[in-house]
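This report refers to the structure that appears directly beneath it.
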């Protein structure tokens, strides 16, 4: 719980630092504050916490694990931001503050025990992100991204809220435990309003995690927003969305699996195909990452479709693998863009010659995305497939396998460009922070890929 | 002698090679020779009965019952020897070419690590990991140092193989979830008693992966292009060792794990193999490119090996075991011959060659021995292999044996025709200045020729290694089928 308080206070402190023009202090203070918050979160591991604040929040192991992964990823994003925000804006402190506020919302989203807190967390996060997406005020694409994101986000929040209201109408409570009890007490004869509310909540949550057919905002928003904000959105925000999704379904709606499973199954299959096939046709690396993030959402949805004991573990491992690889991809993209000015696959040509380390790090990240053994991504896919097959979704896994094959095509596009195409670009200077983040991501990817045992037994 | 030493030494070698920029090829060669020495030491301790030996078993991912479990039995041993034996030859044969980057040799050794894992794994997860670990380096070797079309061709190769292996992964996870003791160990997989329908689709999950790797007709379309475009070292690795992963997979995993699937679909697989033999041989006839000719002849030979396995009797299986070794040796020799020709003459067209025997007698002798080994002349290694294979197929069905037997005749015709076109006749202006083999080429070809003759004269040493294990495996499957 102290994590939430620390991050909230940290955001305000950073805002004041900006007010007093202490620009140099922004990054160290933010990072150190987050490290402190992370330490506090980990200390609550296995503390058998009970719901607090009149049952509003519950900082259980689930919350600790997903908070930690979100905080770590945010730290990595911050480390990449050195000298980045300065270039696109004069108000640097606002960036740090807004990201920290978004993170506050995310901590609420992964630890809520009451539907009103889910809504509050989601809104704290979303409002910060609407501003972050449009923070390049004079940039047309950035404005478009912000507006689209805002309209779509507001729309989906409406669905979610309506769903919450209907569920409240049926169960007479926002409390997750009470709703769960309501479902268990009525093997038959649940109020139809409850089902309508459930479907509306699925729609709202699918909007937030960018699952098809509610994904149309993602590519434009990801492309238009500043790259680092895109990195934040496609990793931390997406993971938080899935954590909230999983938390709700595993606590409240697990007994109703027969009702919502077919809907979610179709959404999952659509998400996989739409994400993968569209990604195949992209020439812009950043847009490709946007679509690939949709397909990864599809794989993570698997674990929710096959809701069971193994789900939390599967999503956690998948999310960790996905986050570090995404951070690597975006970091290399930022460096390449500074050098060549473009974000297309051709801009990566010859990178292996000029910057072998960058090329190697990105290759491992792509292999991890594609799910090749000895990388974290493979372990993630393996656990997700395992979870799905435990529930006898053999056909679903067969479809996922076909999608994994499609994925190989576009992930290898950038490897082909880096290694097999010639270009006379000079070496790109990589700042120390970048090398640190890339190195760390690389190590995490390989260690999780080779010896994942220390995070496979968390739940 | 510990098996782990054998498995992980190539990894150490790869690292040392990578850091050893200037002496990369020497360090790679030394690493591969040390690995070979380890394998020979293991062979010295090996008892040729049906048991699993040198067992190593450590928990790896206990949450899912995954173990790092490796062992060697009579079926693994020949392949371990083949892998460790061919690597020094393959690395040595690249010495004269101007590939000197450390990364090339490091990737080669990294691939050896994957291959050895595949041939020794007794845990399905580990098997899968090795299977993919062997694929990534060969993709980079072929795509970085290959010919003009390498990018497109290798993408096809990569996607084909990964498609097959992902379905195998689906099958592996499914089987794992059926085991009573939540494990991936091969023994638990053998003990499963699934119904025939389930085994039917599981058969296809595995068969697809193995058939693409070998390749069996009609899954072979990636192979000729990839072999042609790859650098010769890559072609040798692919054809000499990597395709044995597929054959080994059929023997070790496919048939024993899904015996009833094999009962239903094995005949179809056999027919496909036999079609492949004839099809590849006919196409090989019409090839003008020497590398493509060898590629197609390889499909034909592998088809016969596959047919020998799918008839599932001792002769066929023993023939497959020894022919895997022979094919590895012969095809590496063949591709080295082709590489020498291409390197000297700067062309792959057979029609532009001729009369080389006159200017390069040592080369001519080596070439002839390898051709004779490939066409299975008695007293060369190919003979005993093909004899056993055809004997096995004959026991199953005489007509299949007759059709498959055509491979020997066809093979002799197109191979000898090629030899004649390349080596005999009049020299032309390009071939007149052909330099005879020297240094590393001489050494490699000498070893290959010696092996061809030694195995041809005394094949029993090799057959003896696998005999007990093969019989045991066949009894195990047959007793399940009789159930």
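The values are calculated or read from the model by the stated rules, or taken from the named source; none is laboratory data. Because the structure is predicted, anything quoted here is derived from the model rather than measured. Cβ placement follows ideal geometry from the backbone for every residue including glycine, while neighbour counts extend to all protein chains displayed.
Remarks
- Any hit, region B:232-244, residues being within 26 Å of residue B:187 (Cβ to Cβ), in contact with a helix residue (DSSP H, G or I) (Cβ under 8 Å, 6 or more places away or on another chain) and buried (at least 24 other Cβ atoms within 10 Å of the Cβ): yes
- Candidate set from region B:132-143 (those that are facing chain A (nearest Cβ under 8 Å) and in contact with a helix residue (DSSP H, G or I) (Cβ under 6 Å, 6 or more places away or on another chain)); member that is nearest to residue B:10 (Cα to Cα): B:133
- Being surrounded by fewer than 24 Cβ atoms within 10 Å (Cβ to Cβ), more than 14 Å from every other protein chain (Cβ to nearest Cβ) and part of a helix (DSSP H, G or I) is a description that applies to residue A:334.
- Restricting the search to helices (runs of 4 or more DSSP H) fully inside region A:96-191 and requiring at least 3 residues that are under 30 Å from residue A:30 (Cβ atoms) gives A:115-133, A:140-171.
- Scanning region B:110-124 for residues that are part of a helix (DSSP H, G or I) and either facing chain A (nearest Cβ under 8 Å) or within 17 Å of residue B:77 (Cβ to Cβ) (or both) turns up B:112, B:115, B:116, B:117, B:118, B:119, B:120.
- Residue within region B:148-159 that is surrounded by 24 or more Cβ atoms within 10 Å (Cβ to Cβ), touching a residue at least 24 places away in the same chain (Cβ under 8 Å), at the interface with chain A (Cβ under 10 Å from one of its Cβ atoms) and in a helix (DSSP H, G or I) present: yes
- Considering only residues in region A:436-446 that are touching a residue at least 40 places away in the same chain (Cβ under 8 Å) and surrounded by fewer than 17 Cβ atoms within 10 Å (Cβ to Cβ), the one that is farthest from residue A:337 (Cα to Cα) turns out to be A:446.
- For region A:415-435, the count of residues that are surrounded by fewer than 17 Cβ atoms within 10 Å (Cβ to Cβ) and at the interface with chain B (Cβ under 10 Å from one of its Cβ atoms) is at least one.
- Selected residue (criterion: farthest from residue B:204 (Cα to Cα)) from residues of region B:160-184 that are facing another protein chain (nearest Cβ under 10 Å) and free of Cβ contacts under 8 Å to residues at least 12 places away in the same chain: B:177
- Meets criteria (touching a strand residue (DSSP E or B) at 6+ places or on another chain (Cβ under 8 Å), buried (at least 20 other Cβ atoms within 10 Å of the Cβ) and over 29 Å from residue A:366 (Cα atoms)) for residue B:186: yes
- The residues of region A:382-400 that are more than 18 Å from residue A:266 (Cβ to Cβ) and within 9 Å of chain B (Cβ to nearest Cβ), listed by number, are A:382, A:383, A:385, A:386, A:389, A:390.
- Residue in region A:68-81 that is over 25 Å from residue A:120 (Cβ atoms), outside any helix (DSSP H, G or I), at pLDDT below 90 and under 20 Å from the mean Cα position of the chain (by Cα) present: yes
- For the residues A:35, A:13, the requirement of being in contact with a helix residue (DSSP H, G or I) (Cβ under 9 Å, 6 or more places away or on another chain), outside any loop (DSSP other than H, G, I, E, B) and free of Cβ contacts under 8 Å to residues at least 24 places away in the same chain singles out A:13.
- Among the residues of region A:417-454, those that are within 27 Å of residue B:11 (Cα to Cα) and touching a helix residue (DSSP H, G or I) at 6+ places or on another chain (Cβ under 6 Å) comprise A:418, A:419, A:420, A:437, A:438, A:441, A:442, A:444, A:445, A:448, A:449, A:452.
- Residue tally, condition more than 19 Å from residue A:291 (Cβ to Cβ) and outside any helix (DSSP H, G or I), over region A:369-385: 4
- When A:407, A:377 are checked against the criterion of being farther than 16 Å from residue A:287 by Cβ, within 13 Å of chain B (Cβ to nearest Cβ) and modelled with pLDDT of 90 or more, A:377 stands alone in meeting it.
- Here residue A:371 passes the criteria (1) on the phi < 0 side of the Ramachandran plot; (2) buried (at least 21 other Cβ atoms within 10 Å of the Cβ); (3) within 11 Å of chain B (Cβ to nearest Cβ) except the one numbered (1).
- Residues of region A:436-453 classified as facing chain B (nearest Cβ under 10 Å) and not in a loop (DSSP other than H, G, I, E, B), total: 3
- Residues of region B:46-80 that are within 14 Å of another protein chain (Cβ to nearest Cβ) and in a strand (DSSP E or B): B:58, B:59, B:60, B:61, B:66, B:67, B:68.
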